[in-house]
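Following: one structure in C-alpha cells, then a few remarks.
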Amino acid sequence: MMESLIQTIAISALPVIFAITLHEAAHGYVARYFGDPTAWLAGRITLNPIRHIDLVGTIIIPVVILLFSSGTFLFGYAKPVPVDFGRLRHPKRDMLWVALAGPAANLFMAFGWAFVLKLAWLMPVNDYTVPLSEMSKTGIIVNCVLMVLNLLPLPPLDGGRVAVSLLPHGLSWKFAQLERWGFPILLLLMFTGILATIMNPLVILSARIIESIFGLY
C-alpha cells in the first residue's frame, strides 16, 4: 500500500505544483496588465513554481490528504499573489478579470495535459508512456478541480471576487464582508461532504468535455 501511495505522489507532484502555482502567477500577470504592479515588484509574475510554493499548502497538506484518502482526494494551495485592487485602473470592473485569470490558467493547463495524454496514447508503448499517461490524467483532474473550486461564489475564492465585481456597489460591499468567514465555511462544506456533492458533477463534466475534444475515450 505504501508503495502505491509513493507512486501516486510521484505521479501527482508535477501536475499539482504547476496547477497551484501557475494559477497564482496568472492572477499577478493580469493584475499588472490592468495597472497593479504589486505582484511584479514582488517577483511573483514568473513561471518558476518555487516562487509560489507554500511549504504547508503546496506540499504538506496535499501529501497528507493523499495519504489519508488513499490517493482518492487532493487539495492544496500556493502562496497567494499580492494584488492591490485599489491600484487597478478600474478596481471593481478589473477585479473580474484578475479573479478569472486563475481558473482560466487551470483550464488552459487541463487542455495541455489532455494534449500530452493524447500524445502518450499515440506513442509506441514503452517505459515512459504509462507514467506519462497517468500523470496527464492527474493533470486534467487536478486542474478541473481547482478551476471548479475557485469559481464557487464564496470570498475569498475567485468566484467570490467575480461576484463582488458583478454585484451592485451596495450588495458587493456586503457580500465582500463574507471573506473573513470564507475559509471556515469552505472547511465546513468540505468535512460535511457538501463541497464534494457540489463539485464532483461539475469536475466530471469539465473533464469529460475536455477529453471528448481530444478524443480521449
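See the values below:
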read-out	value
Helix 194-213 axis, angle to the chain major axis (alpha carbon atoms, nearest 10°)	60
Check: the chain dipole with +1 on Lys, Arg Cβ and -1 on Asp, Glu Cβ, in debye	660
Sum of -39500 (n - 2.57) over DSSP H runs of 4+, divided by residues of the chain (222 nm, nearest 500)	-22500 deg cm²/dmol
Tilt relative to the chain, helix 2-33 - C-alpha long axis, 0 to 90 degrees, to 10	30
Paramagnetic label zone (point 7 Å from Cα along Cα-to-C-beta, Ile65; backbone N under 13 Å) in region 135-168	142-150
Highest average packing first - 204-215, 158-169, 182-193, 28-39, Cβ atoms within 10 Å	28-39, 158-169, 204-215, 182-193
Full-stretch length increase - Leu202, Asp84 - with 0.36 nm per residue and alpha-carbon distance subtracted	39.4 nm
For the chain, fraction of C-alpha pairs farther apart than 24 Å, in %	46
Other-chain or far-sequence residues with amide H under 5 Å of His52's (modelled H)	none
Inter-centroid distance (Cα atoms) of region 92-142 relative to region 37-54, Å	21
Angle between the chain longest axis and helix 179-191 axis [Cα atoms, degrees, rounded to 10]	30
Pairwise label distance in nanometres, Trp181 with Ile213, each label 7 Å out on the Cα-Cβ vector	3.7
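Where a number appears in this text, it was derived from the coordinates with a stated rule and is not lab data. Because the structure is predicted, anything quoted here is derived from the model rather than measured. So basically every Cβ, Gly included, is an ideal-geometry build from the backbone, and we count neighbours across all protein chains shown.
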